[in-house]
Amino acid sequence: MLRTPLSSRNTGYVFAFISAALFGSISTLAKPSVESTDPLLLAAIVSAIASIAFTPLTIRRKSPISKRDMRLIIPIAILGAIIAPSLYFVGLKTAAASDAAILSNSEIVFTVLIAIIAFKERLRPLGYASMAIVMIGVVLITTKFDITNLAIDATNPGTILIVFTMLCWAIDNNLSRIATRTIDVSRLVHLKSTIGAAVIAGIVLALGIPLEVPHERLFHIILLGVVGFAAPMLLFYLALKSIGTVRTILVFSTSSIFGVIYAAAFLGEHLGTHQIMALSLMLAGLFLLKRSD
């Protein structure tokens with residue numbers, strides 16, 4: 001079990017919650033842009049924006065990177081900034097949107113299992129109960145309380161790619177937890193974003209994808225890069241450093257709730273009773289998680 005000061009723990013929960021609130025804005029911010037820009041090109045641009053945003057911080061701090069650090073940074077970048085986003089966008093082409101939303105929750109399951117089994121991270125009994133409550137809330141928000149008719153096409157290559165994507169991000173989350181112990185968090189975000197942007201941009205060029213971005217979408221894309229990716233990633237890593245992988249990913253799971261709220265507020269989508277109930281359930285689980293500390 002993690003042994004960190006109470007003030008650091010509290011700050012870690014705040015970081016994770018704000019990260020979830022910002023990351024939940026992605027679907028709302030990206031919706032206008034993804035309709036007019038190739039998804040891979042958009043991923044490359046967003047990663048580049050995140051890299052640029054953290055360049056001033058990394059130049060000022062000049063924290064050294066050892067060979068041991070690079071042995072962590074490289075797989076983190078490959079898994080979390082190159083393979084995962086690329087496969088996710090490819091998978092979305094054939095997978096049903098509802099299946100993709102449900103399967104995306106497997107990142108939480110994979111992250112928790114890897115943290116507990118491989119890295120021996122532990123919770124108190126109340127913590128495990130809270131984890132179960134949060135997971136129930138996550139499932140209910142994506143299935144709309146209709147689990148009787150839930151049927152995912154396991155033979156669809158898209159669904160397989162999405163599950164593999166979530167496994168990549170789960171490994172990334174756990175490796176990042178280790179990396180934050182010795183690497184400056186802003187430097188880690190900067191290197192990960194830079195490597196991801198460079199490689200995905202190379203893929204875009206190799207595939208001959210048109211480099212076309214409507215001028216009227218530039219502000220949305222910049223906002224997406226800074227608010228939807230760069231800031232949430234920084235706060236997520238700070239939370240990992242303070243409260244560990246399991247607690248961070250459970251708090252971060254509320255990003256799905258924020259996504260629904262933003263869609264209702266800014267895109268006029270309906271906020272249903274089941275979503276409010278799922279939100280209440282997840283918040284109750286997070287309250288118990290905090291009490292378990």
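The values are calculated or read from the model by the stated rules, or taken from the named source; none is laboratory data. Nothing here was measured: the structure is a model prediction, and the numbers come from that model. As a convention, Cβ positions derive from the backbone with ideal geometry for all residues, glycine included, and neighbour counts pool all protein chains shown.
Exactly one residue among Ala179, Ala198 is over 14 Å from the mean Cα position of the chain (by Cα), among the small types (Gly, Ala, Ser) and more than 30 Å from Lys120 (Cα to Cα), and that residue is Ala198. When the range 51-70 is limited to residues that are out of contact with any His (no Cβ under 8 Å at 6 or more places or on another chain) and among the aliphatic types (A, V, I, L, M), the one that is surrounded by the most Cβ atoms within 10 Å (Cβ to Cβ) turns out to be Ala53. Inside the range 36-94, can you point out the residues that are of a type in the set (D, E, K, R) and at pLDDT below 90? If the condition is that a residue be of a type in the set (D, E, K, R) and at pLDDT below 90, then Asp38, Arg60, Arg61, Lys62, Lys67, Arg68, Lys93 are the ones that fit. Across the range 180-206, the number of residues qualifying as part of a helix (DSSP H, G or I) and touching a residue at least 40 places away in the same chain (Cβ under 8 Å) comes to 18. Report yes if Thr11 is modelled with pLDDT of 90 or more and either in contact with a helix residue (DSSP H, G or I) (Cβ under 9 Å, 6 or more places away or on another chain) or not hydrophobic (A, V, I, L, M, F, W, C) (or both), otherwise no. Yes; evaluated as a whole, the condition is true for this residue. Against the conditions (1) more than 27 Å from Phe110 (Cα to Cα); (2) in contact with a Gly (Cβ under 8 Å, 6 or more places away or on another chain); (3) among the β-branched types (Val, Ile, Thr), Ile221 satisfies every one except (2).
Cβ-Cβ distances below 7 Å connect the following pairs, each with a first residue in the range 217-243 that is closer than 14 Å to Leu188 by Cα, a second residue that is at pLDDT 90 or above and charged (D, E, K, R), and a separation of six or more residues or different chains: Leu240/Arg177. Within the range 263-293, the set of residues being more than 30 Å from Arg177 (Cβ to Cβ) and either basic (Lys, Arg) or modelled with pLDDT of 75 or more (or both) comprises Ala265, Thr273, Ile276, Met277.
Within the range 118-163, if we keep just the residues that are β-branched (Val, Ile, Thr), over 21 Å from Met277 (Cα atoms) and at pLDDT 75 or above, the residue that is surrounded by the most Cβ atoms within 10 Å (Cβ to Cβ) turns out to be Ile162. Hey, Pro214 hits all of (1) loosely packed, with under 15 Cβ neighbours inside 10 Å; (2) closer than 25 Å to Leu167 by Cβ; (3) at pLDDT below 85 but one; which does it fall short on? Pro214 satisfies all of (1) loosely packed, with under 15 Cβ neighbours inside 10 Å; (2) closer than 25 Å to Leu167 by Cβ; (3) at pLDDT below 85 except (2).
Candidates in the range 224-262 are the residues that are at pLDDT 90 or above, hydroxyl-bearing (Ser, Thr, Tyr) and in contact with a Gly (Cβ under 9 Å, 6 or more places away or on another chain); of these, the one that is farthest from Ser19 (Cα to Cα) is Ser242. Can we say Leu224 is out of contact with any strand residue (DSSP E or B) (no Cβ under 8 Å at 6 or more places or on another chain), surrounded by fewer than 20 Cβ atoms within 10 Å (Cβ to Cβ) and outside any loop (DSSP other than H, G, I, E, B)? So Leu224 does not fit the description; no. Quick one: in the range 227-286, which of the residues that are of a type in the set (A, V, I, L, M) and outside any helix (DSSP H, G or I) is surrounded by the most Cβ atoms within 10 Å (Cβ to Cβ)? If we take residues in the range 227-286 being of a type in the set (A, V, I, L, M) and outside any helix (DSSP H, G or I), then Leu271 is surrounded by the most Cβ atoms within 10 Å (Cβ to Cβ).
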